[in-house]
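Pasting a structure here, questions to come.
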Amino acid sequence: MSHPSTYNPNSGLEKWLDARLPILRLAHDSFVDFPTPKNLNYWWTFGGILTVCLVIQIITGIVLAMHYTPHTSMAFDSVEHIMRDVNYGWLMRYVHANGGSMFFLAVYIHMFRGLYYGSYKEPREVLWMLGVVIFILMMATAFMGYVLPWGQMSYWAATVITNLFSAIPLIGDDIRTLFWGGFSVDNPTLNRFFSLHYLLPFAIFGVVMLHIWALHVPGNNNPTGVEVKDVKKDTVPFHPYYTVKDGFGIAVFLVLFAAFVFFNPDGLGHPDNYIKANPLSTPASIVPEWYFMPFYAILRAITFDLGPISSKLGGVIAMFSSLLILFVLPWLDRSKVRSMRYRPAARLWFVIFVVACIALGVLGGLPAEGRNVLYAQIATAYYFGFFLIILPLLGIMETPKPLPRSIADAVLNKHKPEAASGGAQPAPAE
Amino acid sequence: MIARTTIFAALASLAGMTAAIASAGSAKEAEHHHWHFAGPFGTFDKDALQRGYQVYETVCASCHGVEQLSFRNLGQKGGPFYLNTCPAGFADNVDCSNPNENPIVKALAAQYRYQVLDGPDDSGDMVERTPLASDRIPGPYPNEVIARLANNNALPPDLSLITKARHHGPDYVYSLLIGYADAPATVEITPGQYYNPYFHGDMTQALKPEFLDAEGHVVDGVVVPVGGVLAMAPPLVDGIVDYADEATPETVEQYAADVVEFLTWASEPKMEARKSMGVMSLIYLVILCIILYWSYRRVWAGLKK
Ligand code: HEM
């Protein structure tokens, strides 16, 4: 949270710099002395984990780009050249490819964390919305990155997704032509996707800076959702308390990351992407990467026309709405209580929401036929119903549990058997 | 793959959707073979790699290329013919661990069954010449049209990534090679096509007309066989390749296992380096976790009221 600066330039050089560009002061006040609620649990380590993911993607990506050739006749072979002939190229490529998945795993946990603890509520609306911007940019980046190795799935995923845009009335075909740079997915498409895939991560980096800025004005939310009342009692300085806790969380995350990279590097990928793209041969089934599957399921759940809206356009609208709805979430959930620890009814609906999202993920990877379509429609209806009906109504109807008076109170009460707070969470750092 | 399928299977059965999964794919599930390279510590069996190369060269190379491989790869660290030191009788200044100087690799390249196209030479003509260790391993056909003409209009896929390009690749290719069977009596196979229960296809189309009704639907009570038909004749028969080592059986199963070992290496020649680095990385990271957890407890201990 905003707080008076505690930076003390020690050396002459630091004093000199501080008078001209107080960048060390900024770093000190943001990452060393920043007052942080003392009750943050491990779900709060995912912000740091995400930063590490972004840095890993940028570093490995820059090295890959030194050896990669963005041409339809050479892209596939250049990736194999990276795998076989470039020193540690296999490592760079596997880290980058699995890094995409790890990045999304972390971002999904991070977002569910925000949903559960009401971190999107006043005064953190802008912080939340910047997060949604980052998420959408990540999806665009990962989609275009997946096209670069120019395997069968690369080519056909690009074809399916770019074709969606043609469903937009009037300008759809022109948008699609713009993506393609021609009249089908081809070399110009690959070139612009490479250019944008290189560019967007730096845009993400910029928005991450804004995201952290917007975090440091109101300060962190915390598992109780109760604002900091007394900086002395409720908070600890970020360093060393959270540098060490985040460091531990990051290290555990890297164990999982390394397990994939070194022992199952193709486990999250699709075998068809080791076949060169062939516009004349459609794969038996075209499936996106796992992290797109919930949205793919929503897209395919709209199998009916609605008046003038064709089922295809309806699917596209539903898919984009499922992202855009996150922007207005702060105004849909009217409850004054942030944390679902004190909202037992909301907590139940939230658990069902998580199940619905996972079900959508599973359904997105299965053929859209028979019962699967119905299941996807039910889950899609719940997805939107949760935001548009359940949360607004709960804000009016539910009776929350009593809130602790302060963070310090909540931490102390934890140790008494008749603790007032919902004990569903594992004990945070004490 | 394994991780993803099991997670999905678990989630799907939770949601009561197992039926939907079972309906996908009509081929027989690949036999599970025990591979030397399986598991986190698995390495390639060097003898099997050498025999596998021999099977590839004598049999599969008539129709399939391995375009991602150069001869020199055969002599690089972890490859089938890697030499740490030169055999007796070599000059001191020859470094046989260098794949381009490896005498076995040089000989394999020089005696290879196909030539490479090079040039243009001084008079502007393209010339065929004997391959060098640094050349890509040449394939059987100059282009796709000729490949199809020679194979009943089917295209034999390049094999250098085949075990990564199929689900459970090594088991699948092994099963395909040993799995050719006589076609069930209910189906009619066109000449130049061969039935294989492990190949993904749709056997409804091959059913004899008496098992289909007027609209082309399968008559009640008739079971459509699993598998499919492909344009590759069973490539292996007992004794077709002569192994130098008398102790190794010259059977279809042994050839298939050996060639799959070789093709798996060809798909990822850096697998051994990957796994050994993985073991070191995980040890390092786990120690790091322990130290950080301990520091975390220490730092926060001071905060207890
Ligand atoms: C937000 C961060 C990023 C994400 C989520 C991401 C994601 C991806 C994905 C999913 C792939 C396909 C991997 C595969 O299947 O082979 C890929 C490929 C690639 N990316 Fe990125 N990427 C990111 C940042 C970058 C950056 C900053 C660069 C360059 C400076 C870069 C350069 C490349 C290159 C050259 C490829 C093609 C090589 C390959 O396929 O392995 N990426 N990216």
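Sort A:L200, A:L210, A:L326, B:L74 by Cβ crowding within 10 Å, fewest neighbours at the top.
In order of increasing Cβ crowding within 10 Å: A:L210, A:L200, A:L326, B:L74.
Rank these for me by crowding, A:L190, A:L130, going from fewest to most other beta carbons within 10 Å.
Placing the least packed residue first, the sequence is A:L130, A:L190.
Among B:H32, B:H64, B:H217, which one shows the highest mean-square fluctuation when chain B is modelled as a Gaussian network with alpha-carbon springs under 10 Å?
B:H217
Next question. When chain B is treated as a GNM, springs tying every alpha-carbon pair under 10 Å, which of B:A165, B:A247, B:A257 comes out with the largest mean-square fluctuation?
Ranking B:A165, B:A247, B:A257 by mean-square fluctuation puts B:A247 first.
About the Cα centre of the protein assembly as shown, how large is the charge dipole given +1 on each Lys and Arg Cβ and -1 on each Asp and Glu Cβ? Please answer in debye to the nearest 20.
Dipole magnitude for the protein assembly as shown comes out near 4680 debye.
Another question about this same structure. Where nothing but the Cβ of Lys and Arg (+1) and of Asp and Glu (-1) is charged, how large is the charge dipole of the stretch A:1-67 around its Cα centre, in debye to the nearest 20?
In debye, rounded to 20, the stretch A:1-67 gives about 20.
Where does each of B:L285, B:L176, A:L21 land when they are ranked from fewest to most other beta-carbon atoms within 10 angstrom?
Fewest-to-most ranking of B:L285, B:L176, A:L21: A:L21, B:L285, B:L176.
Another one. Of A:L105, A:G219, A:S166, whose Cα points farthest to the positive end of the dipole of the stretch A:63-221 (charges on the beta-carbon: +1 Lys, Arg; -1 Asp, Glu; origin at the Cα centre)?
Farthest towards the positive pole: A:G219.
Next question, about the same structure. What does the highest-first list of A:246-252, B:108-114 look like by mean Cβ count within 10 Å?
Sorting A:246-252, B:108-114 by mean packing, highest first, produces A:246-252, B:108-114.
Next question, about the same structure. Across chain A, where is the longest run that never hits trypsin sites (Lys or Arg not before Pro) in a DSSP loop with at most 15 other C-beta atoms within 10 Å?
Longest gap between qualifying sites, sites excluded: A:1-228.
Short version: what are the Cα gyration tensor semi-axes of the stretch A:44-153, square root of 5 times each eigenvalue, largest first, in whole Å?
Each semi-axis is the square root of five times an eigenvalue, giving 33, 14, 10 Å.
Just going by the charge dipole of the stretch A:4-79, with Lys and Arg at +1 and Asp and Glu at -1 on Cβ, which of A:F31, A:G48, A:S5 is farthest out on the positive end?
Among A:F31, A:G48, A:S5, the one farthest towards the positive end of the dipole of the stretch A:4-79 is A:S5.
Name the most mobile residue of A:G385, A:G225, A:G307, meaning the one with the largest mean-square fluctuation, in a Gaussian network model of chain A with Cα contacts below 10 Å.
Its mean-square fluctuation being the largest, the pick is A:G307.
Using 1/(1 + (r/R0)^6) with R0 = 56 angstrom and r between the beta carbons of A:I378 and B:N84, what's the FRET efficiency to the nearest 0.05?
0.35
Note down the Stokes-Einstein diffusion coefficient of chain A in µm²/s, whole number, using a Kirkwood radius over alpha carbon pairs, 4 °C, and 1.567 mPa s.
Answer, rounded: 54 µm²/s.
Per DSSP H run of n ≥ 4, the term is -39500 (n - 2.57); total these for chain B, divide by its residue number, and report the mean residue ellipticity at 222 nm rounded to 500 deg cm²/dmol.
-11000 deg cm²/dmol
Straight distance only, please: which lysines reach the Cα of A:K121 with their own Cα at less than 22 Å, same-chain residues fewer than 8 apart left out?
Filter leaves A:K38, A:K229, A:K336, A:K401.
For a Förster distance of 22 Å, can you work out the FRET efficiency between the beta-carbons of B:I287 and B:F41, rounded to the nearest 0.05?
Plugging the Cβ-Cβ distance into 1/(1 + (r/R0)^6) gives 0.70.
Counting only the backbone N, which residues of the stretch B:266-305 are under 17 Å from the spot 7 Å out from the Cα of A:V255 toward its beta-carbon?
B:278-297
Given contacts defined as C-alpha pairs under 8 Å and at least six residues apart, what's the relative contact order of chain B, whole-number percent?
Result for chain B is 22 percent.
Divide, for the protein assembly as shown, the radius of gyration over alpha carbons by 2.2 N^0.38 Å, where N is the residue count.
Compared with the compact-globule rule of thumb, the protein assembly as shown sits at 1.12.
Collect residues whose amide H, placed 1.01 Å from N in the peptide plane, falls under 5 Å from the amide H of A:V236; neighbours closer than 5 in sequence don't count.
A:T36, A:K38
Let me ask another. Roughly how many Å is it from the Cα centre of the stretch B:203-282 to that of the stretch A:1-66, as a whole number?
Using only Cα atoms to place each centre, the spacing works out to 55 Å.
Once amide H atoms are built 1.01 Å from N in the peptide plane, which residues 5 or more positions from A:G118, or in another chain, come under 5 Å H to H?
A:M340
Going by a 4.7 Å Cβ-Cβ cut-off, which cysteines of chain B have no partner at all?
B:C60, B:C63, B:C289
What nm value, rounded to one decimal, do you get for the distance between B:L155 and B:Y194 when each label is placed 7 Å out toward the C-beta?
Calculated label separation equals 2.1 nm.
May I pose another question? Could you compute the FRET efficiency for A:V207 and B:E272, with r as their C-beta to C-beta distance and R0 at 51 Å, rounded to 0.05?
About 0.80, to the nearest 0.05.
Which value in deg cm²/dmol, rounded to the nearest 500, describes the helix-derived mean residue ellipticity at 222 nm for chain A, given -39,500 (n - 2.57) per DSSP H run of n ≥ 4 and division by the residue count?
-20000 deg cm²/dmol
I would also like to ask the following. Hey, got the Cα dimensions of chain B along the principal axes, in Å, largest first?
That gives 83, 80, 47 Å along the principal axes, largest extent first.
We did not get these values from a lab; they are worked out from the coordinates using the rules stated. Every value quoted in this text rests on a predicted model; they were computed, and no experiment measured them. We place every Cβ from the backbone using ideal geometry, glycine too, and count neighbours over all the protein chains shown.
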